[in-house]
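In what follows, a structure is listed as structure tokens, so that the remarks can point back to it.
The values are calculated or read from the model by the stated rules, or taken from the named source; none is laboratory data. Not measured: the values here are computed from a predicted model. We place every Cβ from the backbone using ideal geometry, glycine too, and count neighbours over all the protein chains shown. Surface accessibility is based on the protein's heavy atoms, side chains included, excluding ligands, DNA and RNA. Shrake-Rupley method; radii C 1.70, N 1.55, O 1.52, S 1.80 Å.
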Amino acid sequence: MIGLPPSMAVFSFIGVVVTSATTIIYGTTIWDPVILAGKFENKIIVTLAMLAIAISTLATNIAANIVSPANDFANLNPKKISFRTGGYITGIIGFLICPWKLIADPSGYIFTWLVGYSGLLGPIGGIMICDYFLIRKKELILEDLYNENKSYSYKNGFNAKAIVSLILGILPNIPGFLVTIKVIPKTSVPEWLTNLYHYGWFVGFFISAIVYYIIMKNRKPS
């Protein structure tokens, strides 16, 4: 509550203001900090800017963003996949998806990758928040998270109701996504359904949260 929301709001504000300022100063919109740093004439400022970019890339974009997927891969099969191996798998996949192609086109990066990705994250967030606050009443049994036969194990390790909620939250965003990546023509999908994609995170969040609450509210505690 104190650490993340205020800092993320400030970072977003700085990004918007700086990007908007480049339009006034340089006559074109520059959102890439590397390109923007190259516009500076003072060598000291350029050096400091590039050092900041290098440190942020190593500390956040590489280190911090590897921790979560590395743990995810390790948890798929803890006996065979270690955290280090999970990190290697993450790095290989990260290279294969060609991230330099994603950021080469701002419109593709924002509307195809980020908005499409949010259509997956929204339903997941809705399910998790609903489960913690509404279903379990903010009671988290930490030990059960690491026990195969306790309250979080469900059936064979999967909560089928959560998966159903996830799928239903994703479905409304698929037509708009397919139109955006030009797999299907825009005229083949109702306009209101296409517009839902632009609010993919919120649409998926609320649909998955509501469906999950309805099908889980009468569950019997383990």
Could you list, in sequence order, all residues of region 1-14 that are surrounded by 10 or more Cβ atoms within 10 Å (Cβ to Cβ) and either in contact with a Lys or Arg (Cβ under 6 Å, 6 or more places away or on another chain) or among the aliphatic types (A, V, I, L, M) (or both)?
Met8, Ala9, Val10, Ile14
Of the residues that make up region 124-138, is at least one open to solvent by 90 Å² or more (accessible area, probe 1.4 Å), under 23 Å from Leu166 (Cβ atoms) and at pLDDT below 90?
no
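To keep it simple, each residue is scored yes or no on (1) at pLDDT 90 or above; (2) of a type in the set (Lys, Arg).
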site	(1), (2)
Ile2	no, no
Trp31	no, no
Lys39	no, yes
Leu48	yes, no
Ala59	no, no
Phe73	yes, no
Gly91	yes, no
Output yes when any residue across region 81-102 is under 17 Å from the mean Cα position of the chain (by Cα) and open to solvent by 60 Å² or more (accessible area, probe 1.4 Å), and no when none is.
yes
Could you look through region 15-55, keep only residues that are open to solvent by 60 Å² or more (accessible area, probe 1.4 Å) and not in a helix (DSSP H, G or I), and pick out the one that is nearest to Phe95 (Cα to Cα)?
Trp31
Number of positions in region 139-169 that are under 25 Å from Phe206 (Cα atoms), surrounded by 12 or more Cβ atoms within 10 Å (Cβ to Cβ) and of a type in the set (D, E, K, R)
1
When region 184-207 is checked residue by residue, the ones that are free of Cβ contacts under 8 Å to residues at least 12 places away in the same chain and open to solvent by 100 Å² or more (accessible area, probe 1.4 Å) are Lys186, Thr187, Glu191, Trp192, Tyr199
Which pairs have Cβ atoms under 9 Å, sit 6 or more apart or on different chains, and link a residue in region 19-32 that is farther than 15 Å from Ile103 by Cβ to one that is among the aromatic types (Phe, Trp, Tyr) and open to solvent by 80 Å² or more (accessible area, probe 1.4 Å)?
Thr22/Trp31
Looking at the structure I just gave you, is Leu58 open to solvent by 50 Å² or more (accessible area, probe 1.4 Å), of a type in the set (A, V, I, L, M) and in a helix (DSSP H, G or I)?
yes
Flag for Lys101 being of a type in the set (Lys, Arg) and either touching a Ser or Thr at 6+ places or on another chain (Cβ under 8 Å) or closer than 30 Å to Phe158 by Cβ (or both)
no
Which of the following residues is within 17 Å of Val115 (Cα to Cα), of a type in the set (Val, Ile, Thr) and either touching a residue at least 60 places away in the same chain (Cβ under 8 Å) or open to solvent by 60 Å² or more (accessible area, probe 1.4 Å) (or both): Ile210, Ile214, Ile181?
Ile181
